[in-house]
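Notes to accompany the following structure.
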Amino acid sequence: MIKAVFFDIDGTLVSFETHEIPSSALSALKKLKERGIRTYIATGRAKDGLCVVEGLDFDGYITLNGQYCFTADKEVIYENTILKEDLEILVEELGKDPFPAGFVMRDTKVFNYRDERVDEIHAITHNDNHPAGDVSKVLDEKIYQVMCFIDEEREKNLLAKMKHCTAARWHPLFCDISPLGGTKVKGIDQFLAHDGIDLSETLAVGDGGNDLEMLEHTAYSAAMGNAPDFVREAADYVSNDVDHDGLCEALSHFHLL
């Protein structure tokens, strides 16, 4: 029996078209809570990007692709930051051959500079309007993730130098570089231990490349219809897209509604 459901936000709960949670999804979340099923957010967004789910009753939040996890009562149960030596390598690379990079702290983000790529992603998420400024000070901050606007080839070359980091992407324009060990899967396992739930009792719902690991990890998984093929192939069930009641369809398939 499924006792816990982990939800991605963008493209899963929230529409890329309306930037809102469809009414059918809101109703579904309410029904899950009424049935005593625990619900968790599992997102690449930071704390300051959770306003889109504000007021909803989730039991926990896996943010920054697993780097910062906290309960509904704001208890931090896990955090993971990029090592300073890896940040130094990244800052050096930005000095030699710049690209837009957003350094994510616990409550905010700062870009070295912005261009049309950053603006394009913000138009999709409504979550990346942070200012550009001096990023030399990030070496003295807790940096949980860096949003790097590079292609897959440069991502590969960069990770070869930042040896204690990994990367995930849900859009071809950028990747999220994170420290090794902190993933949505890590966040899921932290909450299962914290709340006394077995992995066999879990469902994950997502649509992006950064959801792939969690879809493969939980006992049951659903990909939204707007997910790319490689994500859809990893899921037990593929629903309609977020704008056409896909979340309700997925939950109904697993007899949760």
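The values are calculated or read from the model by the stated rules, or taken from the named source; none is laboratory data. As the structure is a prediction and not an experimental result, all values here were calculated from the model. To get the accessible areas, we keep the full protein, side chains included, count just its heavy atoms, and leave off ligands, DNA and RNA. Shrake-Rupley method; radii C 1.70, N 1.55, O 1.52, S 1.80 Å.
Quick look at the numbers
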| quantity | calculated |
| --- | --- |
| Surface accessible to a 1.4 Å probe, per residue, for the residues of the chain, Å² | 44 Å² |
| Helix-only CD estimate at 222 nm, as mean residue ellipticity for the chain, using -39500 (n - 2.57) per DSSP H run (n ≥ 4) | -8500 deg cm²/dmol |
| Nearest-ten-degree value, helix 152-161 long axis tilted from longest Cα axis of the chain | 70 degrees |
| Within straight-line cross-link reach of Lys33, aspartates and glutamates at Cα separation under 15 Å, skipping those fewer than 8 residues along the same chain | Asp57, Asp59 |
| Acute angle (nearest 10 degrees) that the helix 116-125 long axis makes with the longest principal axis of the chain, alpha-carbon atoms | 20 degrees |
| Rounded to 10°, Cα long-axis angle of helix 184-195 versus longest principal axis of the chain | 50 degrees |
| More than 28 angstrom apart: percent of Cα pairs within the stretch 108-257 | 30 percent |
| Over 24 Å between alpha carbons, listed pairs Lys84/Lys161; Lys74/Lys161; Lys47/Lys137; Lys96/Lys184; Lys3/Lys74; Lys156/Lys184 | Lys74/Lys161; Lys96/Lys184 |
| Stretchable slack from Asn157 to Thr18, in nm (0.36 nm times residue separation minus alpha-carbon distance) | 46.4 nm |
| Gain in span if fully extended, Glu116 to Ser136, counting 0.36 nm per residue against the direct Cα distance | 4.9 nm |
| Percent of beta bridges antiparallel (DSSP, the chain, rounded to nearest 5) | 55 percent |
| Antiparallel content of DSSP bridges confined to the stretch 1-71, in %, to 5 | 35 percent |
| Rounded percent of accessible protein surface that carbon and sulfur make up, the stretch 89-191, 1.4 Å probe | 50 percent |
| Pairwise centroid distance, computed over Cα atoms, of the stretch 74-113 with the stretch 224-257, Å | 33 Å |
